[in-house]
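One structure below.
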């Protein structure tokens, strides 16, 4: 089966398996989504969702987040990894949103990536899920599955994103980003499947016997 045929099959199977793609991070608007995505770095969505209700109760806007201050932000998000760095970033980006963007989240990659703590992946998630702009953020699940499914050599996330955009139509990027994550968590986990066990891996490579050793980004 050629790469494009595999990609088409994957898109068909995931669309049937996950017709709805709810965002797994709890949020209320563009700003709280940006905050939640930033906090999710090296953390599970579940853990982030345990912390953000209190944070968003006190500071649901850039202005209230800036007023809360780095020290108090840290006190709330301390259970999360990289909490000190994230608290500094939240305080800094909130100030920039107020001073440069009238308290609104900029709907552009350039504007988002210019904020403290916001890299390309975080910006891509916000652009896709908050503003509906086609993007293909690559997380650990997507990077791993792209290799197992033969869609990318997986040398780095930049290459993986580029390779996926070539084989999937732009109109499907935003849904596929979440569908692949959902599948990776439910069926094709890092330890539960080695490229020879889950339903999609078996369908794509019925004769595969050796495990796929994936390259971490």
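Against the chain, whose longest principal axis is taken from its Cα atoms, helix 157-167 shows a tilt of about 60°. Over the chain, the fraction of Cα-Cα pairs per 5 Å bin, rounded to whole percents and listed from the shortest bin up, is 1, 7, 14, 18, 17, 14, 11, 8, 5, 3, 1, 0.
Net length available on complete extension from residue 159 to residue 100 is 18.0 nm, with 0.36 nm assigned per residue and the Cα-Cα distance removed. Here the gap between residue 113 and residue 207, fully extended at 0.36 nm per residue and compared with their Cα-Cα distance, gives a gain of 29.5 nm.
Angle check, please: helix 3-17 long axis (alpha carbons) against the longest principal axis of the chain (alpha carbons), in degrees 0 to 90, nearest 10. That works out to roughly 60 degrees. Expressed in Å, the radius of gyration and Dmax of the Cα atoms of the range 99-160 are 13.8, 46. Taking the C-alpha atoms only, the angle from helix 45-58 to the longest principal axis of the chain is near 20 degrees. Here the extension length gained between residue 2 and residue 120 equals 39.5 nm, from 0.36 nm per residue of separation less the Cα-Cα distance. Values of log10 I(q)/I(0) for the range 30-131 across q = 0.13, 0.16, 0.17 Å⁻¹ run -0.38, -0.59, -0.67, by the Debye formula with one identical scatterer at each alpha carbon and no solvent. Taking the centroid of alpha carbons for each part, the range 102-160 and the range 179-217 are 22 Å apart. Its convex hull of Cα atoms gives the range 143-217 a direction-averaged projected area, equal to a quarter of the hull surface, of 4.8 nm². When the chain is treated as a GNM with alpha-carbon contacts under 10 Å, the residue of 74, 202, 93 showing the greatest mean-square fluctuation is 202.
Kindly identify the range 1-49 as rounded, prolate or oblate by the Cα gyration tensor criterion: order the square roots of the eigenvalues as a ≥ b ≥ c, call it rounded if a/c is under 1.5, otherwise compare a/b with b/c, prolate if a/b is larger, else oblate. Prolate is the answer for the range 1-49, as a/c is 1.5 or above and a/b outweighs b/c. A Förster radius of 25 Å combined with the Cβ-Cβ distance from residue 166 to residue 88 puts the calculated FRET efficiency at roughly 0.10. Computed from label points 7 Å out along Cα-Cβ, the spacing between residue 187 and residue 67 is 4.9 nm.
At an R0 of 25 angstrom, the distance between the Cβ atoms of residue 13 and residue 131 translates into a FRET efficiency of 0.35.
Read the figures in this text as sums done on the coordinates, not as results from a lab. Keep in mind the model is a prediction, meaning the values are calculated, not measured. Positions of Cβ are generated from backbone atoms using ideal geometry, with glycine treated the same way; all protein chains shown enter the neighbour counts.
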